[in-house]
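A quick write-up on the structure given underneath.
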Amino acid sequence: MDDRRYRFLSIRFRYEDEPLSQKILLHGIFWLLFVASHLLYFVPAFRSELLSAPLRMAYLLHYLRMIPIFYCYEWIFNFLKKRVRPFSLYALSLLSSLILMHIVTTLNFLLIDYLYGLRNLSPVFYGIGSLYIQQMAFDKSADFLIFSYDMMEMQLLFLPLGLKMAKYGNRQNALKLSAENEVIRAELKNLRATLAPHLIYNMINAAYAQVEPVSKQSAFYIRKLSDLLRHNVYDTRNESIPLQDELYSIQSYLELEKMRRGICPEVTFQQQGIIKPEQKILSLILFTLTENAFKHSVGSPLDDNWIKIGLSAEEKGVRFQISNSKPVNSTAVRQQKYSGIGLVNIERILEHNFAGRYKLQSKNLERSFEMELYMPFVPDHRDELGIPT
């Protein structure tokens, strides 16, 4: 979206954020001009009665009644716009404005009759006002005339209601453009995030072809790194992944860390249960827990650094236990933040997908950190378990 167009729309709706006192002042000026303009236009038609104070007050009340009609309509409109579709919104708004016009006009004529007496005013006031008062006695003979007058009086609200509708329509357009702008930014950000790993993946493969004739061990390391990157870039695009693929990526990561760090830390991996191709889990959950364990376990080479991993494939889910040592000297390793999607996001994702049916427990001990996770398998049809999509 053009940023200049967005800024223009933002300026147009800056009024929405104005202080309440300024809004009241602007509304007051508008209604003062509204009533004054109508009085100056219609009252001179009755020059012979201009000296009648009751008639002037009756006309003033007649036009002032538009104020409660407008604000009641505005409240109804704001109430409906969050609950009905646009077409229904405008239809119900028109119907509600007619009902409001009829009710307030009836009450207004009753008030004028009580204060001044309709017979003491002009024939116009008496003729129209008597129709509204007669309906209170369930006289249906004048219903069509009353309805016609209500429709005719709606023209007095064309300006304020038109401004309201125009402001609402333009605001919806601004929100739509803003949402489209956010989508474009998100797509661009996702494109950048996809291109960078893809480029690195291709460069690693090129490096593998160059290194293999020189050093088989280095080439093996690069190949493992390439496989791991391929898994994180391509295999995890879907929300779920076969358990055997996630396990393979963890084992590749363990081999890479062993080659990079040597014997530090000592890694123990135990696997139980039969892993089947159809068993799927959420992507990157187990891998992130493994990566975090390595990150926070390594201290001085003289320390007793270790990581213990246990994976058990059960009938309806997978149980994953991982624990790691802590550096003896806290200054040996700088405090690092969790990478990847992070433990907080892991719990949020688990709660979203398996609300109440997963288990995530951690123990932060003096010399070690332990974590146990149980999460159900992800079925091919997620609605079988009532999992949110």
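Brief remarks on what is shown
- Single unsatisfied condition, V298 versus (1) part of a loop (DSSP other than H, G, I, E, B); (2) buried (at least 16 other Cβ atoms within 10 Å of the Cβ); (3) at pLDDT 90 or above: (3)
- The residues of the stretch 316-357 that are under 23 Å from E266 (Cβ atoms), outside any strand (DSSP E or B) and modelled with pLDDT of 70 or more, listed by number, are K326, P327, V328.
- As a summary of the residue check, P277 satisfies the conditions (1) surrounded by 15 or more Cβ atoms within 10 Å (Cβ to Cβ); (2) at pLDDT 75 or above; (3) in the same structural domain as I346 (by TED's automatic domain parsing) except for the one numbered (1).
- In the stretch 265-285, the qualifying residues are those that are touching a Ser or Thr at 6+ places or on another chain (Cβ under 9 Å) and of a type in the set (A, V, I, L, M, F, W, C), and the one that is nearest to R230 (Cα to Cα) is L284.
- Selection of the stretch 69-102 for residues being over 34 Å from the mean Cα position of the chain (by Cα) and either within 17 Å of K167 (Cβ to Cβ) or touching a residue at least 12 places away in the same chain (Cβ under 8 Å) (or both) yields L98, L100, M101, H102.
- For R223, the stated conditions do not hold, so it cannot be described as modelled with pLDDT under 80, assigned to a helix (DSSP H, G or I) and in the same structural domain as Q321 (by TED's automatic domain parsing).
The values are calculated or read from the model by the stated rules, or taken from the named source; none is laboratory data. Model, not experiment: these values are computed from the prediction. Note: ideal-geometry Cβ built from the backbone for every residue, glycine included; neighbour counts use all protein chains shown.
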